[in-house]
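Have a look at the structure below, then the notes.
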Amino acid sequence: MHVTFDHREVLAPNIVTFWFQPEDRIEYVPGQFTEMHLPHESADNRGQRRWFTLSSSPTEPLLGITTKFSPANGSSFKQQLFALQPRARLQLATPMGDFVLPKDPTLPLIFVAGGLGITPVRSMIKWLQDRQQTRTIHIIYAVSNANELAFLPLFKAQGLRLTTVLRHPPANYRGEVGRIHAERILQLIDRTRQPLIYLSGPESLTEELFKGLKAKGISGQQLITDYFPGYPAT
Ligand SMILES: Cc1cc2nc3c(=O)[nH]c(=O)nc-3n(C[C@H](O)[C@H](O)[C@H](O)COP(=O)(O)OP(=O)(O)OC[C@H]3O[C@@H](n4cnc5c(N)ncnc54)[C@H](O)[C@@H]3O)c2cc1C
């Protein structure tokens, strides 16, 4: 499917949502991902395509992807993306993936996001807000520094439980500090109600949390994962 670049929205230093106008109506479910093809000359060995979660909600007219730019060692793909001019036309694959909300609205949901792993969470929460649906949700959001936290106004407006975990907290910070790990997740959540636990973020972190939670007795059926290769662990 073809889309046209509309505008960018800066969320934090080096974290940007790119908004696109689809040429045709696009069906997708909040939390799904797509593949972007961005042809450019002198592409590095990481290539001209990337997977991105749609951080937008199907209730929004534009399609959004949210990503990060690494000034020191960013790929040629990201340089091309960040240089996009309005009305540039590019190609996205049909959205896919099963990192999506359960049909049963009574199930308690825990979202554990490392860094940009927050993108599918934004899509789902925005969809719930626009559909005026409330569910029992606890977001555990781990990043290195406070200025990497994105979408907080949306999460706060939705009245859910939000726990931030910072590696390098600023003075007067009241949330969790350090590295996110399975034991800490279990200390923070109420597991008696058999919540669904969604894990998303850098591949190594997500894998570690998945294995750690299983080792602590969480069943595989309660765990839903979205792995983002290409980023170091938060
Ligand atoms: C299902 C799915 C969903 C995803 N959703 C998102 C999303 O919503 N947002 C998002 O940003 N990403 C998402 N990703 C990851 C995305 O596809 C890219 O892998 C990621 O953004 C890194 O992009 P990049 O390779 O252009 O690296 P850059 O962003 O340019 O750089 C990232 C890091 O790569 C390291 N690096 C430097 N050189 C190399 C090298 N030669 N090879 C490998 N790494 C190097 C550096 O440490 C740098 O900090 C998703 C991936 C999948 C599979």
Residue within the stretch 176-184 that is free of Cβ contacts under 8 Å to residues at least 40 places away in the same chain, surrounded by fewer than 14 Cβ atoms within 10 Å (Cβ to Cβ) and at positive phi present: yes
Of all residues in the stretch 210-222 being away from the ligand (no atom under 16 Å from the Cβ) and surrounded by 13 or more Cβ atoms within 10 Å (Cβ to Cβ), the one that is nearest to G97 (Cα to Cα): Q222
Failed item in (1) within 16 Å of the ligand (Cβ to nearest atom); (2) under 29 Å from V177 (Cβ atoms); (3) touching a His at 6+ places or on another chain (Cβ under 7 Å), with I110 passing the rest: (1)
Number of the condition not met by N172 [criteria: (1) surrounded by fewer than 15 Cβ atoms within 10 Å (Cβ to Cβ); (2) at pLDDT 95 or above]: (2)
Residue under evaluation V10, criteria (1) within 10 Å of the ligand (Cβ to nearest atom); (2) without any contact (Cβ under 8 Å) to a residue 12 or more places away in the chain; (3) assigned to a strand (DSSP E or B); (4) of a type outside the set (F, W, Y), criterion not met: (1)
Test result for G115, on the phi > 0 side of the Ramachandran plot, modelled with pLDDT of 95 or more and within 15 Å of the ligand (Cβ to nearest atom): yes
Output for the stretch 31-49, where each listed residue is within 9 Å of the ligand (Cβ to nearest atom) and more than 28 Å from L109 (Cα to Cα): M36, D44, N45, R46, G47, R49
Some residue of the stretch 93-108 being among the β-branched types (V, I, T), modelled with pLDDT of 95 or more and either crowded, with 20+ Cβ neighbours inside 10 Å or at positive phi (or both): no
Candidate set from the stretch 223-232 (those that are within 20 Å of Q32 (Cα to Cα) and within 13 Å of the ligand (Cβ to nearest atom)); member that is surrounded by the fewest Cβ atoms within 10 Å (Cβ to Cβ): P229
Residues satisfying the stated conditions in the stretch 51-76, i.e. surrounded by fewer than 20 Cβ atoms within 10 Å (Cβ to Cβ) and over 23 Å from N147 (Cβ atoms): W51, P58, T59, E60, P61, L62, S76
Output for the stretch 126-160, where each listed residue is surrounded by fewer than 20 Cβ atoms within 10 Å (Cβ to Cβ), closer than 24 Å to Q187 by Cα, within 16 Å of the chain's Cα centre (by Cα) and free of Cβ contacts under 8 Å to residues at least 40 places away in the same chain: L152
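The values are calculated or read from the model by the stated rules, or taken from the named source; none is laboratory data. It should be emphasised that the depicted structure is a prediction, and the values quoted were computed from it without experimental measurement. Here the Cβ is made from the backbone with ideal geometry for all residues, glycine too, and neighbour counts use every protein chain on show.
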